[in-house]
Amino acid sequence: MTPIGLMEALAARLQILLDGYTSEQPTGIMPIKVNAGYFPIPENAREKKSAIHVLATKETDDKDMSTISLQIGLSIYDDNTVDGWRTMYNVAEHIRQDLLKHRYVDMRYRLELPLSFEVVEDQPFPQWQGIILATYTVPQPVEEEFNDF
């Protein structure tokens, strides 16, 4: 449950961070929703909500520590053909700065550096997409002794 716990704790923290952020849609102003796990499947073809997902992509255990690699995927709706991309960059930078200022999540998971941000090469206008890649150290179970008697 450690990857799920990290995804849920970080998604909850990012939702609070982004509570003031909205995107203007053809149907009105919509909040940016943060999801633990994958992006939700759209309910209809017209749905173009702005959303962020926090997804654990890899868990690694070695001798001294365990780590979880995360993708924080951004899909931000902005139909401005000139400056719409700026909205996604603004949200990504807000998240990046918060992650660097507060490296612990839920007092259990610690952000390790480097932290990186990538822009999706083929942008599906009017959605603007990017990915923040992060690695967190996580609690590791202590090995139990084997009694052979």
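The values are calculated or read from the model by the stated rules, or taken from the named source; none is laboratory data. Just so we're clear, the structure is a prediction, and the values are computed from it rather than from any experiment. All Cβ positions, even for glycine, are placed from backbone atoms using ideal geometry, and neighbour counts span all protein chains on display. Ligands, DNA and RNA are excluded from the accessible area calculation, which covers all protein heavy atoms including side chains. Shrake-Rupley method; radii C 1.70, N 1.55, O 1.52, S 1.80 Å.
For the residues Met88, Met65, Met107, the requirement of being farther than 25 Å from Ile4 by Cβ and of a type in the set (A, V, I, L, M) singles out Met88.
Summed over region 47-66, the residues that are under 13 Å from Thr135 (Cβ atoms), part of a loop (DSSP other than H, G, I, E, B) and open to solvent by less than 30 Å² (accessible area, probe 1.4 Å) give a count of 0.
Within region 107-134, residues that are touching a residue at least 60 places away in the same chain (Cβ under 8 Å) and in a strand (DSSP E or B) reach partners that are charged (D, E, K, R) and surrounded by 14 or more Cβ atoms within 10 Å (Cβ to Cβ) with beta carbons closer than 7 Å, at six or more positions or on different chains, in the pairs Gln127/Lys48; Ile132/Arg96.
Scan region 1-18 and tell me whether some residue there is modelled with pLDDT under 80, open to solvent by 20 Å² or more (accessible area, probe 1.4 Å) and outside any helix (DSSP H, G or I). Among the residues of region 1-18, at least one is modelled with pLDDT under 80, open to solvent by 20 Å² or more (accessible area, probe 1.4 Å) and outside any helix (DSSP H, G or I), which makes the answer yes.
When region 11-33 is filtered for residues that are of a type in the set (S, T, N, Q) and within 14 Å of Met88 (Cβ to Cβ), the ones remaining, listed by number, are Thr22, Ser23.
Filtering region 67-89 to residues that are crowded, with 20+ Cβ neighbours inside 10 Å, β-branched (Val, Ile, Thr) and touching a Ser or Thr at 6+ places or on another chain (Cβ under 6 Å) leaves only Ile76. So how many residues does region 24-63 have that are basic (Lys, Arg) and at pLDDT below 85? Here the count works out to 3.
Asn147 passes every criterion in (1) open to solvent by less than 100 Å² (accessible area, probe 1.4 Å); (2) farther than 15 Å from Thr2 by Cα apart from (1).
Under the condition of being in contact (Cβ under 8 Å) with a residue 24 or more places away in the chain, out of contact with any Phe, Trp or Tyr (no Cβ under 9 Å at 6 or more places or on another chain) and in a helix (DSSP H, G or I), which residue from region 96-106 is most open to solvent (accessible area, probe 1.4 Å)? Only one residue tops the list, namely Asp98. Kindly evaluate Ala51 against the criterion of being within 23 Å of Ile4 (Cβ to Cβ) and in contact with a helix residue (DSSP H, G or I) (Cβ under 7 Å, 6 or more places away or on another chain). Taking the combined requirement at face value, the residue does not satisfy it.
Selection over region 19-37 of residues that are surrounded by 13 or more Cβ atoms within 10 Å (Cβ to Cβ) and either touching a Cys at 6+ places or on another chain (Cβ under 6 Å) or part of a strand (DSSP E or B) (or both) gives a count of 10.
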